[in-house]
Structures are given as structure tokens and as C-alpha cells.
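Asks: Here you go, one structure.
The values are calculated or read from the model by the stated rules, or taken from the named source; none is laboratory data. What you see is a predicted model, and the numbers here were worked out from it, not measured in a lab. Please note: Cβ atoms are built from the backbone with ideal geometry, for glycine as well, and neighbour counts cover all protein chains shown.
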Amino acid sequence: MSIGEIKQSTERKMQKALEACKSSLSKIRTGRAHVGVLDHIHVDYYGNSTPLNQVANVTLLDARTLQVTVWEKGMAVVVDKAIRDSDLGLNPQSQGTVIRVPMPPLSEERRREMVKVVKHEGENAKIVIRGMRRDANGEFKELFKAKEISEDDERRAQEEIQKMTDRCVAEIDKLLAAKELEVMTV
């Protein structure tokens, strides 16, 4: 493997880690309703675990209410139960094929807990990014030991990987700051 291939591979992995971080942060509930809150919920659809958005349409009714319109009448009960049983603490209200999901306002204490969860998610993402840096640097050391690259090439490559790492960590910090603000805004 060449230096360029290692750098490209590491950059791709770091971008995937950033996307995973964005995805996990979007699932963290804030005081406002948004359709992404229910993305991770799966329902039993004829014996298969199916994402909620494949059996129903999730829309924003107002700032604090989601509306879930089930496509098959028989699935309304299953979807209602899946939302109730999720870790989000929501209490849906069924009306035929339409399920309204009011988002309860978060208490100050709950908001602070959510901020801790946000910070934890961010720290996990940073750990993953740093692990990728370590792996790439290890590959550069192997190339140097095998005399495939010079010591200067190894050092330059490690500096570039460090810059990538710093960019990704800064991006994660930005995401965390935005999410914290969103969680703490009443």
C-alpha cells in the first residue's frame, strides 16, 4: 500500500465516522420535534424488523408534534407500540391510521442529561478518529521499516494525517456545540 492509498483510505474512514456521529446526534431528542427522532425505530412487519419510515410517513405537524401516517390500517397498533416501547419516552395518540406523537418539553435536569449524552457521543467519535490516525501512522511505520519510504516521507505523511484528524475533531466540536445549543434552548 502506498502513502497516497493509506491517506485516501483514512480520509474515507474519517468521513464515515463523521457521518455516523451526525447520525447518532440527530437521534438525540431536543425539546423540538423533528422527523429524524423516529428514524431508529423498527417495527415488526409480517415477521421482519422493518424501519418505521418504510411502513409509515412521518411528518412534522407543528413545533412540538410529529404525525405518523401508517400505510396499512393493521400496522397502526404495531407502530404505536414500537414508539411507546422506544427509549425516547414518548406517548403517541392513535386515531385510526394517524398517530400523533407530542414531544414533551424537557425539564432543565433532563436537558443537562441530554447534553452529557451529546458530549459522550462526541467523545466516542473523537476516539474513533484518533484510532484511525494511530492505524495510519502504524502503516507508515511499517512502510518505513520495510524501506519502501524515507523517514521524511513518513514524517510528512504523519503530519498530513494529523491535519486530517484535527479537521475532523474540529468538525465534531462544531456539531457538538450546535447540538448542545439546540438541546439547551427552551
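Asks: For segment 104-136, which residues satisfy the criterion of being within 20 Å of the chain's Cα centre (by Cα), more than 18 Å from C21 (Cβ to Cβ) and buried (at least 16 other Cβ atoms within 10 Å of the Cβ)?
Replies: Within segment 104-136, R111 is the sole residue that qualifies.
Yes/no per residue for (1) out of contact with any Pro (no Cβ under 9 Å at 6 or more places or on another chain); (2) under 15 Å from S2 (Cβ atoms); (3) not aliphatic (A, V, I, L, M):
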site	(1), (2), (3)
I127	yes, no, no
R130	yes, no, yes
R133	yes, no, yes
L143	yes, yes, no
D152	yes, no, yes
M164	yes, no, no
A170	yes, no, no
D173	yes, no, yes
A178	yes, no, no
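Asks: Mind listing whichever residues of segment 51-64 are in a loop (DSSP other than H, G, I, E, B), within 14 Å of R100 (Cβ to Cβ) and hydrophobic (A, V, I, L, M, F, W, C)?
Replies: A63
Asks: Sticking with this one: Which residue, of A125, A76, A177, A146, is at pLDDT below 90 and of a type outside the set (F, W, Y)?
Replies: On inspection, the qualifying residue turns out to be A76.
Asks: In addition: With the structure loaded, tell me whether E160 is modelled with pLDDT of 90 or more, exposed (fewer than 14 other Cβ atoms within 10 Å of the Cβ) and more than 30 Å from V43 (Cα to Cα) or whether it fails that test.
Replies: no
Asks: Taking the residues in segment 117-134 that are among the charged types (D, E, K, R) and in contact with an Asp or Glu (Cβ under 9 Å, 6 or more places away or on another chain) as candidates, determine which candidate is farthest from R12 (Cα to Cα).
Replies: K119
Asks: Got a number for residues in segment 65-86 being of a type in the set (G, A, S) and either in contact with a Phe, Trp or Tyr (Cβ under 7 Å, 6 or more places away or on another chain) or in a helix (DSSP H, G or I) (or both)?
Replies: So the count comes out to 2.
Asks: Suppose we keep only residues that are touching a residue at least 24 places away in the same chain (Cβ under 8 Å) and farther than 16 Å from E121 by Cβ within segment 164-179. Which one would you say is nearest to the chain's Cα centre (by Cα)?
Replies: So, considering only residues that are touching a residue at least 24 places away in the same chain (Cβ under 8 Å) and farther than 16 Å from E121 by Cβ, the one nearest to the chain's Cα centre (by Cα) is T165.
Asks: On to the next question. Is it true that some residue in segment 52-73 is within 27 Å of A125 (Cα to Cα) and outside the structural domain of V118 (by TED's automatic domain parsing)?
Replies: The answer is yes, given that some residue of segment 52-73 is within 27 Å of A125 (Cα to Cα) and outside the structural domain of V118 (by TED's automatic domain parsing).
Asks: I would also like to ask the following. Please name all residue pairs, on different chains or six or more residues apart, with Cβ atoms under 7 Å, provided the first residue is in segment 1-22 and is at negative phi and the second residue is outside any helix (DSSP H, G or I) and surrounded by 17 or more Cβ atoms within 10 Å (Cβ to Cβ).
Replies: Listed by first residue and then by second, the contacts come to I3/I149.
Asks: Limited to segment 63-82, what total is found for residues that are under 19 Å from M114 (Cβ atoms), surrounded by 14 or more Cβ atoms within 10 Å (Cβ to Cβ) and either free of Cβ contacts under 8 Å to residues at least 24 places away in the same chain or of a type outside the set (D, E, K, R) (or both)? Spell out how you get there, then give the answer.
Replies: Step one: of segment 63-82, the residues under 19 Å from M114 (Cβ atoms) are 63-64, 66.
When the remaining residues are screened for being surrounded by 14 or more Cβ atoms within 10 Å (Cβ to Cβ), the result is 64, 66.
Now restrict to residues that are either free of Cβ contacts under 8 Å to residues at least 24 places away in the same chain or of a type outside the set (D, E, K, R) (or both): 66.
Adding up the residues that qualify gives 1.
Asks: Sticking with this structure for a sec: Just to be sure, is I161 under 16 Å from L18 (Cβ atoms) and in contact (Cβ under 8 Å) with a residue 60 or more places away in the chain?
Replies: Against the criterion (under 16 Å from L18 (Cβ atoms) and in contact (Cβ under 8 Å) with a residue 60 or more places away in the chain), I161 qualifies.
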